[in-house]
Structure formats: structure tokens, C-alpha cells
1. When you look at R247, is it surrounded by fewer than 20 Cβ atoms within 10 Å (Cβ to Cβ), touching a residue at least 40 places away in the same chain (Cβ under 8 Å) and part of a loop (DSSP other than H, G, I, E, B), yes or no?
2. Checking F189 against (1) under 20 Å from L77 (Cβ atoms); (2) touching an Asp or Glu at 6+ places or on another chain (Cβ under 8 Å): exactly one of these is not met. Which one?
3. Got a sec? Which of A191, A197 is modelled with pLDDT of 95 or more, of a type outside the set (V, I, T) and within 25 Å of E15 (Cβ to Cβ)?
4. Condition first: closer than 20 Å to P109 by Cβ and touching a residue at least 40 places away in the same chain (Cβ under 8 Å). Now tell me which residues in segment 27-58 satisfy that.
5. Is it the case that D99 is more than 26 Å from D172 (Cα to Cα) and either within 16 Å of the chain's Cα centre (by Cα) or free of Cβ contacts under 8 Å to residues at least 60 places away in the same chain (or both)?
6. Can you confirm whether G82 is touching a strand residue (DSSP E or B) at 6+ places or on another chain (Cβ under 8 Å) and modelled with pLDDT under 80?
7. Under 6 Å between Cβ atoms, which residue pairs at least 6 apart in sequence (or on different chains) link something in segment 167-186 that is within 27 Å of A212 (Cα to Cα) with a partner that is assigned to a loop (DSSP other than H, G, I, E, B) and among the β-branched types (V, I, T)?
Amino acid sequence: MAPQGSPDDRFNTGEAHSARVYDYILGGKDNYPVDQEAGDAMCQGWPALPVHMRANREFMHRASRYLAREQGIRQFLDIGTGLPTSPNVHEVVQEERPDARIVYVDNDPIVLAHARALLTSTPEGRTAYVDADMRDPEAIINSPQFLELLDLKEPVGLMIIGILHFILENDDDHGLVQRLLDPLPEGSFLAMTIGTADFAPVEVGRVAAEYASRGMPMQLRTHAEALTFFAGLDMVEPGLTQVHHWRPDPDQEPIDDRDIAMYGAVARKGA
């Protein structure tokens, strides 16, 4: 559901929040003791967690750069934006296409409080922020920001990065992704990362249990389950891989597969 009330009403510093835990583990400052406690417990259960989280964000950078540079995409819809840690999507894609337009979406009030950092832009481009929940796609695609910034006669890059593992099957996970894709024209792309326990089941299971114990249940998916989200789309090479294997930068440091619990892929929407 879309959030209710003002941002201040929705601040809860007594419970850990996934965006703030992520921020803490990556060395950010927009978190509270409860998030730090949760992050420490998760890293104790799986010391590779910071490596995994950095690799997920680096996939986002490479995928958005690929879409802007090689596919000519000038419009992006970023779902589950998280706290604005530079470089963000608009910073990456506007280096390639200064006129790019980006709509960010998140429902965490602390992200809203820091949204000004997301709303910087080149003079030629534009950015906007929508305070909404992925579980309510219509609130996103009917928002004034979406309707004003994104021209649905041109392809859009839909980014769903680091959030799907918090969307459960009971949430109609496939339906939510499809409802975000449906309004986008032919030639649009979906870039998505999907959490998995395929490579370190015991360690990743500990992290999932820690999240669940703090009111943040997650669903981890096998490669076959993750692949179903791209049904009917044309996959970009190398297809669905662990995120560090998707078009890695030439100078990327070697990463142990057991340290990564995220699949990633980019796929094109056809006719």
C-alpha cells in the first residue's frame, strides 16, 4: 500500500529499516543504533554481506550506464531508490546523456527527507521523487511526477534493484513487476536484481532470519525462479547471472561467488 501520513509521522527509529541497515553496512551516516545493531548481527552471520551489497550497487551503475550509453535510453524509473549514496542513477546516466530524465520511487520517510540529494540534475535533464510503494504500481504510474517527466512514446529503463527480496510471493510479486512494465512502450528495458541463497545457503539464511526477526521478512529465489520474472522479454547478454558477473568492469577485483547472493539481468520489452 502507499504510505499514509506525513514523513515525520512515519519515522520509526525504534525498529530497524532495510534502507538504513543497507546504508550502515555500506558506511553511510543516515542510520540509527537499532539499524547498526541489526547490521552488526547480519554481518556476524555472514561476513561477506558488505561485499554482496557493494556488488549489487555496482550492478546498478553498470546496468544504467549500459542502457544510457549503448541503448540510448534517456528516461529511467528507479523503484526502491534507497538512501541517496553517490553516484545515483541520474549521476551515472546523465554523464552519458545529459538530457536524461529520472523518476525515483521509495516509500521510506528517511529517503524522502534526503530526497533533495536525488533531485539535482544537469540543466538539460530532470529528476523527480515519488513517495510511493512498489506494492501499489498505480500510485506510481499515475503520479504527477511520472506523468510529467516520462514520455511514454519513448523507451524507459525500469530499474528494480535490491528490493524484490522484500516482495513476497503473497504480494503478487510477478504481477507487481508486470504492472510496472505494462505502461512502458516497446523498446523499454527492465534491469532487476533478485536475492538468492543458491551460493551460500547457510550464511544467507542467517541474514534472512535476522531480517525476519526484525519484522522484515524476505523471499530468496533460485535461478529458475528468478528467471520467470523475465518471461516474454528479450534478455541482454550474458542473461541472468550473479550480479558481479554481469558485464563486469575490466578492473573489477575478483569476487568469490559464495560472497554474492544476488542475481541480476537486463531485458528488453518487445512488441
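1. Values: surrounded by fewer than 20 Cβ atoms within 10 Å (Cβ to Cβ): yes; touching a residue at least 40 places away in the same chain (Cβ under 8 Å): yes; part of a loop (DSSP other than H, G, I, E, B): yes.
For R247, the condition - surrounded by fewer than 20 Cβ atoms within 10 Å (Cβ to Cβ), touching a residue at least 40 places away in the same chain (Cβ under 8 Å) and part of a loop (DSSP other than H, G, I, E, B) - is met.
2. Only one criterion in (1) under 20 Å from L77 (Cβ atoms); (2) touching an Asp or Glu at 6+ places or on another chain (Cβ under 8 Å) is unmet by F189, namely (2).
3. From the options A191, A197, the qualifying one is A197.
4. Those that are closer than 20 Å to P109 by Cβ and touching a residue at least 40 places away in the same chain (Cβ under 8 Å): G28, D30, A38.
5. yes
6. Working: touching a strand residue (DSSP E or B) at 6+ places or on another chain (Cβ under 8 Å): yes; modelled with pLDDT under 80: yes.
Yes; evaluated as a whole, the condition is true for this residue.
7. From residues that are within 27 Å of A212 (Cα to Cα), the pairs are D173/I167.
The values are calculated or read from the model by the stated rules, or taken from the named source; none is laboratory data. What you see is a predicted model, and the numbers here were worked out from it, not measured in a lab. Please note: Cβ atoms are built from the backbone with ideal geometry, for glycine as well, and neighbour counts cover all protein chains shown.
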